[in-house]
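One structure is given below, encoded as structure tokens.
The values are calculated or read from the model by the stated rules, or taken from the named source; none is laboratory data. Being a predicted model, the structure only gives us computed values, none of them experimental. Positions of Cβ are generated from backbone atoms using ideal geometry, with glycine treated the same way; all protein chains shown enter the neighbour counts. To get the accessible areas, we keep the full protein, side chains included, count just its heavy atoms, and leave off ligands, DNA and RNA. Shrake-Rupley method; radii C 1.70, N 1.55, O 1.52, S 1.80 Å.
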Amino acid sequence: MTFTGYFTLSKDHSSLTLHSTIPGYHSGTYKCNASNGLGTATKTFSISVGGPPVLIDDGKPTKVKVTAGDNYTFHCSTENTEGISYRWIKDGKYLINRSFP
């Protein structure tokens, strides 16, 4: 049984597989509860999903024509926000010579 393309449960639900496509926002605490008529046992797993940033496509164009005097905002957001810093570059030069978390 697959959920959202990122997880698969085994037939008896005793195993949870996290697929290699899992984004960072799925980091967190996972618990498995096993129970029968005599009680319940719980095992806790702490998962930290790391990897390079994955940019979110907000559907806005990346090439725009702006009239002088008008404002336009570019958005650069990532799925996995932990530890991410952003730097903006124009024509090969940093707009501000530091990164911002």
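Note on residue 73: accessible area approximately 80 square angstrom, rounded to 10, probe 1.4 Å, nucleic acids and ligands left out. Rounded to the nearest Hz, the phi-derived 3J(HN,Hα) couplings of region 57-72 under the Karplus curve 6.51 cos²θ - 1.76 cosθ + 1.60 (θ = phi - 60°) are 7, 8, x, 7, x, 9, 10, 9, 10, 10, 7, 3, x, 9, 9, 8, where x marks glycine and proline. Relative to the Cα centre, the charge distribution of the chain, modelled as +1 at Lys and Arg Cβ and -1 at Asp and Glu Cβ, gives a dipole magnitude of about 220 debye. The H on the amide N of residue 77, modeled in the peptide plane, is under 5 Å from the matching H of 56, each at least 5 residues off or on a different chain. Between residue 66 and residue 30, the FRET efficiency estimated from the beta carbon spacing at R0 = 35 angstrom works out to 0.15. In this structure, residue 73 and residue 96 have a Cβ-Cβ separation that, at R0 = 22 Å, corresponds to a calculated FRET efficiency of about 0.85. For residue 41 and residue 9, the FRET efficiency from 1/(1 + (r/R0)^6), where r spans their Cβ atoms and R0 equals 22 Å, is about 0.75. Only one of [x] 56, 53, 18; [y] 73, 27, 21; [z] 53, 42, 26 was calculated from the structure for Cα extents along the principal axes in Å, and its label is [y].
Using C-alpha pairs under 8 Å with a sequence gap of at least 6, the mean separation divided by the residue count of the chain gives a relative contact order of 18 percent.
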